[in-house]
Structure formats: structure tokens, C-alpha cells
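What follows is a short report on a single structure.
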Amino acid sequence: MFMNANLFEPGKSKPERSFIQGAVKQNTRFDGRKSNEFRDVKLTFGADWGTVAVSIGETKVLAQVSCDIGTPSSARANEGTLFLNVDIKGVAFLDEAQATHDQRFLTLNSLLERTFKSSRCLDLESLCIAVEQSVWCVRVDINVLNHDGNLYDASTIAALAALMHFRRPEVSYVEEEIRTFSERERELLPLLFLHYPVSVTYCVYKSSSQPLVDPTLLEENAADSVIVLSFNSYQELCTLNAGGTAPTNVRTIMQCARSAASRSKALVQFIRKALELDAERRQQPNQVAGLVDLLNESAPQLSFKHLMEEQVHTEESKADQISGDEPMQLQETVAEEQTTETSTQKIPETQIDDSSWLPQEQNLAEEQQVDGVQLSLKQEVPTTAKAGKSKPNRGKNKLGKKQPPTPRKQNQSDSEEEVTQII
């Protein structure tokens, strides 16, 4: 009976859109957040390398990384390949119609390829085994388990965390033969990155000039325009995607870009810290969660707010220690100054012999004062000036006319004339 999937998806009907836009006009959100407030991001690492589950609110994504040896492309014979695949069949209302499924799949997949492949975040040359013969082919499979808005940010965080968590086996190429070493023979190798891109999504409404960050599914479907910005940890822009009917000026985009750059840097720090905690947990026996534990949410989750708050508290404690040490340093410096003042008072004053560094004119004046003849420097200046005057130019002919000046040669400069006069 219902062939259109938009009727099943929340936020697509006109009453819902008008209600959400009215709430945005009053600067209110249904979950109680502010317009620039993010939801908590949680990471869970699996037992296999490159298996990560990410949840942003009720949005849940599972990413898995695998690799295989294949042939390179003819255009780039010394580089490996990176393939990204997104599967959204886990969400029922996104697969009611084939057109909606294809649209969602193509949009999400193209944005991920622009973020990771076009920006060349992965060092593909390190994946080469033999030029024009064998390279590593890395594949990232992203499965959408639940969709409650901001699916693109969850997918990029999951893909980046999975790629950073993945380890590939070491190989050797001797006499045109490739040998793959197991984990027991040689330690697994991580992938090499050039930068770490993370995306941030904003929704723009005609009824409000303030964009909403990290939108839910209702807010995303009722939005007039959607802006997706991808920044790396160096706060460099990787991708920009803006589309919709709401007019977006430069001021709005720059406002979103500033907050997205700081958010991306914080997310990369969070992923690195989560990887360090996972490495410590792997050293302990029976502490690694399997795939079933990831799906059942029984595995330990690493929260962004919890880890970053701990980091902020540690930084504040260090700052307090530094501020506590400053008064002691000030007291020591004051005591040193007092000791130096007392030592300078005890030393008797000695007359300095200024004959070596005073100018010659001043020395002459002092000698003349000693002999009883007081001559000022002002009287010596005109005498030196008169002595330095040259004779007037008498280059006149007998008729009393001035001779014309001799023309200057083209190659002759002012410096050459001065040199000749001095000589």
C-alpha cells in the first residue's frame, strides 16, 4: 500500500517538519542540548584487529578492516588500494524503497571516499610489495546497526578508528616469491597515516540563523540545508559538502568551520587515547571482547566525555602544581636580589678610566681644561668645517661663462666618481 519510504522515516511529514522548525526558532532541542553541544561518543574495540563499534547517542555503527594481496592499478603501480563499503540494510525504514536505499548508500559512500581516499590520509606507497606486481588491498566494511541521525560522523569515526586499530602481517619478497609471516613468527605491522580526518555535520534552518551541530534524525530530516565539514588533527580542511534550500553565507560556514576544526582535533586525541587503553587491556588475559559482546553492548565502552574530562583534570592539576611552585620561585629570586644588593653596597666605588672609550674630541677638551685653556667643542666644529672646505670652482672661460658640465658615461656610477676623487 505504501510504496514511499519517506512515510515510514521520522521527520519527513509536514507536521513534524513545522513542529521541529518552530522548536529551532525558539532555540530548543528535544534532547535538552544546546545548538553547539555534541552527543557523547563511545568506542568499543573487538578481539580481532580492526573491529570497532561506535555509538553516537542511539546511532550505532560497526566497522571491520581486512586486507589481501592483489595487483595494483596501471596508473599507480607502486601504491596499494583502499576500498570503502557501507551497508545500511540493518535499518528497516531506510530499505523500504530501492530508490531511497540507493540514494542513502551512494551519498554516504561518496562522502567517505572523499574523506579518506581523495584526501590521501593513508600512506598507500607503504602498502606496495613489488612494483607493478603485488600490493596490499585494504577494505573497510561499515555496517549501520541503528540510525538516529548524524550517520556520516559515526561512519567516519568508526572507519578511522578501525584503520588505526588494524594490524597487517609482514611479508618478504625474495626471488619473485612472496612469503607471509604469521603473528607468531613476526609482529604485526600497523598502517601508516599521513593525517587523520574526522567529519562534523551541521543542520541549517530558514527559521533560525544558528546552525545545529550533531543533529538527530528528526532534526536532520527537517533541516533545510546540511553542511558536512571534514578536518584533520592539523586543523586542515579535507572535504566540504553543503546542500539544501537554505541560504548559507560565508559567516555561517566559517563559524561552523572553526568549531569543526577544534572538534576534529579533540576526536583524534580521544581515538589515540582509546587505542592506548585497548593495548593495555590486550596485555591482560581474557580481557578482550568478541563480536557478540560488541553487538550486545556487554563489552567495556570508552566514553569521550569521561576520557577527555580526565585529561582536562590532569592538565588542571599540573597547572595548579606549576602555580604552587611559582611563589617558592619568587621567594628564592627575591632572596637572591637582596643578597646581590647587599654585596654591591659593601664593594667600594672605584673611578673608571674613561680614556679608552670616550671620543677623541672629549679627551682633547679634558686635556685643555687641565692646562687652564677652556675651549668648547662648539668652537672646534667650525674650524674643522673651514678646513674641510674645498676651493671654489674656477672653471670659467675668459668671457666669464661657465663651462658646460662634462657628460657622464653610461657605465659610470656615483660610487666610481667618489673613488676617483679620493684617489
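The values are calculated or read from the model by the stated rules, or taken from the named source; none is laboratory data. Computed from a predicted model, the values in this text were never measured in an experiment. Note that we place each Cβ from the backbone using ideal geometry, even for glycine, and neighbour counts take in every protein chain shown. Protein only, heavy atoms only, side chains kept; ligands, DNA and RNA dropped before computing areas. Shrake-Rupley method; radii C 1.70, N 1.55, O 1.52, S 1.80 Å.
This table checks each residue for (1) over 26 Å from the mean Cα position of the chain (by Cα); (2) part of a loop (DSSP other than H, G, I, E, B); (3) touching a residue at least 40 places away in the same chain (Cβ under 8 Å).
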{"residue": "141", "(1), (2), (3)": "yes, no, yes"}
{"residue": "148", "(1), (2), (3)": "yes, yes, yes"}
{"residue": "156", "(1), (2), (3)": "no, no, yes"}
{"residue": "179", "(1), (2), (3)": "yes, no, no"}
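Number of residues in the stretch 230-280 that are farther than 27 Å from residue 165 by Cα, part of a helix (DSSP H, G or I) and open to solvent by less than 40 Å² (accessible area, probe 1.4 Å) equals 3. The C-beta contact set for the stretch 257-280 (first residue within 29 Å of residue 203 (Cβ to Cβ), second residue among the aromatic types (Phe, Trp, Tyr) and surrounded by 20 or more Cβ atoms within 10 Å (Cβ to Cβ), distance under 6 angstrom, 6+ apart or interchain) comprises 260/231; 261/231; 264/231; 268/196; 270/304. Could you look through the stretch 103-139, keep only residues that are of a type in the set (Gly, Ala, Ser) and in a helix (DSSP H, G or I), and pick out the one that is nearest to the chain's Cα centre (by Cα)? The extreme case among them is 118. Filtered by the rule that a residue be surrounded by 15 or more Cβ atoms within 10 Å (Cβ to Cβ) and more than 20 Å from residue 152 (Cβ to Cβ), the stretch 111-125 gives a lone residue, 124.
Within the set 139, 114, the sole residue that is among the basic types (Lys, Arg) and closer than 15 Å to residue 63 by Cβ turns out to be 139. The single condition among (1) open to solvent by 10 Å² or more (accessible area, probe 1.4 Å); (2) under 16 Å from residue 38 (Cα atoms) that residue 208 does not satisfy is (2).
Scanning the stretch 153-171 for residues that are surrounded by 24 or more Cβ atoms within 10 Å (Cβ to Cβ) and touching a helix residue (DSSP H, G or I) at 6+ places or on another chain (Cβ under 7 Å) gives 155, 156, 157, 159, 160, 161, 165. Quick check: anything in the stretch 281-298 open to solvent by less than 50 Å² (accessible area, probe 1.4 Å), at pLDDT below 90 and over 22 Å from residue 160 (Cβ atoms)? Yes; the residues of the stretch 281-298 include at least one that is open to solvent by less than 50 Å² (accessible area, probe 1.4 Å), at pLDDT below 90 and over 22 Å from residue 160 (Cβ atoms).
When the stretch 66-95 is filtered for residues that are modelled with pLDDT under 70 and crowded, with 17+ Cβ neighbours inside 10 Å, only 94 remains.
Only one of the numbered conditions (1) modelled with pLDDT under 90; (2) open to solvent by 30 Å² or more (accessible area, probe 1.4 Å); (3) farther than 30 Å from residue 182 by Cβ is violated by residue 47, and that is (3). With respect to being at pLDDT below 90, more than 17 Å from residue 223 (Cβ to Cβ), open to solvent by less than 50 Å² (accessible area, probe 1.4 Å) and not aliphatic (A, V, I, L, M), residue 32 falls outside the description.
Within the stretch 203-229, can you find the residues that are within 25 Å of residue 160 (Cα to Cα), assigned to a strand (DSSP E or B) and among the β-branched types (Val, Ile, Thr)?
Answer for the stretch 203-229, where residues must be within 25 Å of residue 160 (Cα to Cα), assigned to a strand (DSSP E or B) and among the β-branched types (Val, Ile, Thr): 213, 226, 227, 228.
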